[in-house]
1. Can you give me the Cα centroid spacing of segment 2-29 and segment 35-89 in angstrom?
2. For a bin width of 5 Å, list the pair-distance distribution of the chain built from all Cα-Cα distances, rounded to whole %.
3. Using amide H atoms built in the peptide plane, which far-off residues or other-chain residues are under 5 Å from Val132 H to H?
4. Two decimals is fine: what's Rg over Rh for segment 120-174, C-alpha atoms, Kirkwood radius as Rh?
5. Could you give the nm distance between label points at Lys191 and Asp162, where each point is 7 Å from its Cα heading toward the beta carbon?
6. Return the single residue from Asn70, Asn92, Asn31 with maximal mean-square fluctuation; model: Gaussian network over the chain, springs between Cα atoms under 10 Å.
7. About the Cα centre of the chain, how large is the charge dipole given +1 on each Lys and Arg Cβ and -1 on each Asp and Glu Cβ? Please answer in debye to the nearest 20.
8. Compute the angle between helix 78-92 and the longest alpha-carbon principal axis of the chain, please, reported from 0 to 90 degrees and rounded to the nearest 10.
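No lab work stands behind these numbers, since they all come straight from the coordinates. Small disclaimer: the values here were computed from a predicted structure and weren't measured. Counting neighbours? That spans all protein chains shown, and the Cβs are built from the backbone with ideal geometry, glycine included.
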Amino acid sequence: MFLGSSCIYPKLAPQPLKESYLLSGYLEETNEPYAIAKIAGIKMCDAYRAQYGCNFISVMPTNLYGPNDNYDLQNAHVLPTLIRKFHEAKQNGDPAVTIWGTGKPMREFLHADDLASACVYLMDNYSEEGLVNIGTGIDITITDLAMLIKEIVGYDGALVYDHTKPDGTPRKLMDVSKLTNLGWKYSIELKDGLTQVYNDYKNSQTSTSPLIPKPSSLPPHP
């Protein structure tokens, strides 16, 4: 199985994104090198299948989230970034949390456990050329995502928008009818998944905090 990404689709492709839209238009500029690498992988799998009969399949997951995600504010994706921002803003008593861009772009999110389930299902039940989208078929604006995370974290401050930052692709919603017709559907709703992920993140912050002894408990200097 070759894992791709929804970034393979053209920036202004019709929504929802059907598998047939591959290579039908220009890619989103900031994702182009990554997308081209993934497209090359899809074509490689199809070529090996056609020439050598290899049982290679390609799947394109939507945006993923789950435990053990990357929460680095310099390079994390939008969902874990928002979780960390709201968590730290609540801890620090900050009056507002900054959101990149306008908050209007729409994104689809799939829990990593659902992706694993779909991958196993397809490896057991699917063997064809081309590709299969994996997602929920439901999207949400970045603003609504932020409001949902804000509610789960229990943060009371405001949202502000940094319009100097890019929005990226306006919308990326997967057409998952092919996958649904094959007999698989996601099981973890976004709010339930986010609540689980936030609790995992919060617990990890508590358990990994360095234990620095108080001065009074330090042994005397020799």
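1. 14
2. All Cα pairs considered, the percentages come to 1, 6, 12, 16, 16, 14, 11, 8, 5, 3, 2, 2, 1, 1, 0.
3. Ser58, Val59, Met60
4. Working: Rg = 17.5 Å, Rh = 15.0 Å.
On the Cα set of segment 120-174, Rg over Rh gives 1.17.
5. Computed distance between label sites Lys191 and Asp162 equals 3.0 nm.
6. Per the Cα network of the chain with a 10 Å cutoff, Asn92 tops the list.
7. Numbers: 19 positive and 25 negative charges, 48 e Å.
The calculated dipole for the chain is roughly 240 debye.
8. 10
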